[in-house]
Amino acid sequence: MIEIKNLTKIFKIKKSEDIHAVVDLSLSVAEGEVFGFLGPNGAGKTTTVRMLTSLIAPTEGTAWINGFKLGENDQEIRRSVGILTESPGMYERLSAFKNLSIYANLYDVNDVDGQVQKYLQMLGLWSRRDDAVGGFSKGMRQKLAIARTLLHEPHILFLDEPTSGLDPEAASLVRSFIEELSVQGRTIFMCTHNLNEADHLCNRIGIFNTSLIEVDTPANLRQKIYGRKVVFHLRAVDPKWIGVVEKIPGVIEVKNVEEKLVVSLEDPESINPVIIRDLVNAGADILFVGELRHSLEEIYLQTIRESETEKVKS
Amino acid sequence: MKHIRTIIDKEWAEVFKNRMVLFATIFIPLIFIVLPLVMLYITNQGMDDFTSAATADVPAGFLPACSDGMSGGDCMQIYVMNQFLLLFMMIPVIIPVTIASYSIVGEKATHSLEPLLATPITTIELLAGKSLAAALPAILVGWASFGLFLAALPLIGVSQAVIGYIAGPT
């Protein structure tokens, strides 16, 4: 698991100018969890990953990765985590097999050839094993980088933009592979700009912009930011039905949006039947009823905007 | 030790596929072998013309090297060789600098340094691996070039006295 306590990174550019890349980040990621780390460009996501994989030292605070303390057990941390960097970073003149063999040796893998073969086959690159990586497509390089991340069978994976720049088919393949890794019980800490991907893959999400703004499951974040809303599609909306619904206990707000009643309420499962009954009794023709599901993108944009506004105010 | 060997293996596999590194490692030492051989051959051709007057062209400070009844031509060849032998000293400088710079540029250009640093390799192992990968070919090529040069000397008719001087401690 990953336990982060007050992690801060300040880059000193000039004597008078400091860049606060990460400020007071505290976070826990449980074993086997897929955690999505979301934030705009320059938010400090990659810096955080670099600190957590002991590539750079934090200015303040610390973290425990797989039980090893950052700054004290860096070798053990590097041995027990796999990192997929933003850019695949392969040796272009060398073959796929040679690239992976080098890393397998550096990770002290016992059966180097066996492990390399296993992951090249798993990611569909075995037939191209002897080809120089320089001739590979972006998707193939990314798959090779994922294979490199897994060679030493790490329990914790840090994936920085795993599907960035990939075509839909390659991205879907990488996503399926991440799902498979999650099923194997590996802990995955994933930075991504693809919010649908995060919504689909992650158990929890952290929205981050230099400091952590929100952390929760996508469902809880939706409820927290927008509340729960139910849409009643009616054949026609009579303004008096709004009053009928507003009177029902537990209803927070009712809006008429294009011949639809959008009702904000606390507990749709118990209040929906009452609303439907009262609307039918009042003479409404209900065509469909469904929960209004805000996309993660809306939640993300709303959260980032609020944080920017607060920053400007302060 | 295994990590150092892996880094050396990686460096050689990667860097020696670069044309500039190959040029610096093979072509430059070849020039450094051929150039003094051509000079020796030319001076050898004009050996008969060398007289005590030619010997007088050799700086006085150098004359003690021309002892043991050497001819004026031999003395002149030894003098010329003393200038060219410096080229062989440059091989162990040019090759490591080329290998090391292309190694670092390559890591930077392909963004491969970050995944490399994320492995359990220590800084000392990485530096030792990279340094040895750059230094070992230079030492090898340096000695091989000098060996080839020595082997070619009798073929162009250089006298045993001159060969003995070049091969011996200077």
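Derivation of every value follows stated rules applied to the coordinates shown; laboratory data play no part. The structure displayed is predicted, hence computed values, not measured ones. A quick note on method: Cβ atoms are made from the backbone with ideal geometry, for glycine too, and the neighbour counts reach across all protein chains shown.
What the table shows:
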quantity	calculated
Ratio Rg/Rh, restricted to the stretch A:2-216 and using Cα atoms, in which Rh is the Kirkwood radius	0.97
Gain in span if fully extended, residue A:122 to residue A:216, counting 0.36 nm per residue against the direct Cα distance	30.6 nm
Simple label model, 7 Å out from Cα along Cβ direction - residue B:101 to residue A:137, nm	3.8
Dipole magnitude (debye, nearest 20) for the stretch A:2-216, charges at Cβ of Lys, Arg, Asp, Glu	600
Sorted by Cβ neighbour density within 10 Å, fewest at the top, the residues A:35, A:158	A:35, A:158
Residues in the stretch A:78-106 that a label on residue B:123 would reach, taking backbone N under 17 Å of a point 7 Å out along Cα→Cβ	A:78
Dipole magnitude of the protein assembly as shown, debye to nearest 20 (Cβ charges: Lys/Arg +1, Asp/Glu -1, about Cα centre)	120
Pairs beyond 23 Å (Cα-Cα), from A:9/A:45; A:14/A:313; A:229/A:311	A:14/A:313; A:229/A:311
Lysines with Cα under 23 Å of residue A:98, excluding same-chain neighbours fewer than 8 positions away	A:118, A:138, A:143, B:2, B:10, B:17, B:108, B:130
Residue-by-residue Karplus 3J(HN,Hα) for the stretch B:132-146, coefficients 6.51, -1.76, 1.60, Hz, glycine and proline x	5, 4, 8, 7, 4, x, 5, 5, 4, 5, x, 5, 4, 4, 5
Ranked list, fewest to most other Cβ atoms within 10 Å of each Cβ, for B:110, B:119	B:110, B:119
Among A:30, A:103, A:288 - extreme Cα towards positive end, dipole of the protein assembly as shown, charges at beta-carbon	A:288
Karplus-derived HN-Hα couplings along the stretch B:85-102 (A = 6.51, B = -1.76, C = 1.60, θ = phi - 60°), whole Hz, x at Gly and Pro	4, 4, 4, 5, 6, 7, 4, x, 9, 5, 5, x, 4, 5, 4, 5, 5, 5
Shape call, the stretch A:75-203: gyration tensor on alpha carbons, a/c limit 1.5	oblate
The stretch A:73-112: translational diffusion in µm²/s, Stokes-Einstein, Kirkwood Rh over Cα pairs, 20 °C, 1.002 mPa s	186
Average silhouette area of the protein assembly as shown, convex hull of alpha-carbon atoms, in square nanometres	35.2
Simple spin-label estimate for residue A:278 and residue B:111 in nanometres, 7 Å along Cα-Cβ	5.6
Phi to ³J(HN,Hα) by Karplus 6.51 cos²θ - 1.76 cosθ + 1.60 over the stretch B:19-33, Hz, x for Gly, Pro	4, 5, 5, 4, 4, 5, 7, 10, 6, 4, x, 4, 4, 5, 7
Charge tally in the Cβ shell below 11 Å around residue A:189, where Lys, Arg are +1 and Asp, Glu are -1, residue A:189 excluded	+1
Amide proton proximity set for residue A:228, modelled H, under 5 Å, gap of 5+	A:265
Approximate spin-label separation residue B:44-residue A:247, in nm, with each point projected 7 Å along Cα-to-Cβ	12.0
Fraction of beta bridges assigned by DSSP in chain A that are antiparallel (%, nearest 5)	70
Residues residue B:151 and residue A:15, FRET efficiency given R0 of 60 Å [Cβ-Cβ distance, rounded to 0.05]	0.45
